[in-house]
1. Can residue 68 be described as assigned to a helix (DSSP H, G or I), more than 30 Å from residue 34 (Cα to Cα) and among the acidic types (Asp, Glu)?
2. Say we look at the range 51-65 and pick out the residues that are in contact with a helix residue (DSSP H, G or I) (Cβ under 7 Å, 6 or more places away or on another chain) and not in a helix (DSSP H, G or I); which of these is most open to solvent (accessible area, probe 1.4 Å)?
3. What are the residue pairs meeting all of these: first residue in the range 65-94, first residue over 10 Å from residue 25 (Cβ atoms), second residue of a type in the set (Val, Ile, Thr) and part of a helix (DSSP H, G or I), Cβ atoms under 8 Å, and 6 or more apart or on different chains?
4. Go through the residues of the range 82-90 one by one and say whether even a single one is assigned to a helix (DSSP H, G or I), among the polar types (S, T, N, Q), open to solvent by less than 80 Å² (accessible area, probe 1.4 Å) and at pLDDT below 95.
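The values are calculated or read from the model by the stated rules, or taken from the named source; none is laboratory data. From a predicted model like this one, the values you see are computed outputs, not experimental measurements. No Cβ is skipped: glycine too gets one built from the backbone with ideal geometry, and neighbour counts run over all protein chains shown. Only protein heavy atoms, including side chains, enter the accessible area calculation; ligands, DNA and RNA are left aside. Shrake-Rupley method; radii C 1.70, N 1.55, O 1.52, S 1.80 Å.
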Amino acid sequence: MASIGEYRDDIRRYRSLKEKILRICEQLERASRGSIKLENEIASSFKVNNVAAKISGRIDILGRDMRETADYLRNTIIPSINSAIDDSYDEIDRLEEEEEEDD
């Protein structure tokens, strides 16, 4: 069984991880928006027989993948981290109540 201090350390680590993941999400979303511009530039600049090069489609796929990854992190991973933080707070409360009962 963990101590109150260990749960508080866990909370700090979870919060730090959450901040890092949110920064990653921002970077993924920014890169995804940039991929739209890049795709348009490539589609208009690189043509074979007046047909856009296949690479523009690959950039579109990459942009979508970045958006989906950011969405997954925001909508699945971050809520899981929040839940773990809440669970740690619940355990701290439980341990503090046990300490009060022992006194």
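1. Values: assigned to a helix (DSSP H, G or I): yes; more than 30 Å from residue 34 (Cα to Cα): no; among the acidic types (Asp, Glu): yes.
No: the conditions fail for residue 68.
2. By that ranking, first place goes to 52.
3. 81/21; 85/11; 88/11; 89/11; 92/4
4. Taking every residue of the range 82-90 in turn, none turns out to be assigned to a helix (DSSP H, G or I), among the polar types (S, T, N, Q), open to solvent by less than 80 Å² (accessible area, probe 1.4 Å) and at pLDDT below 95.
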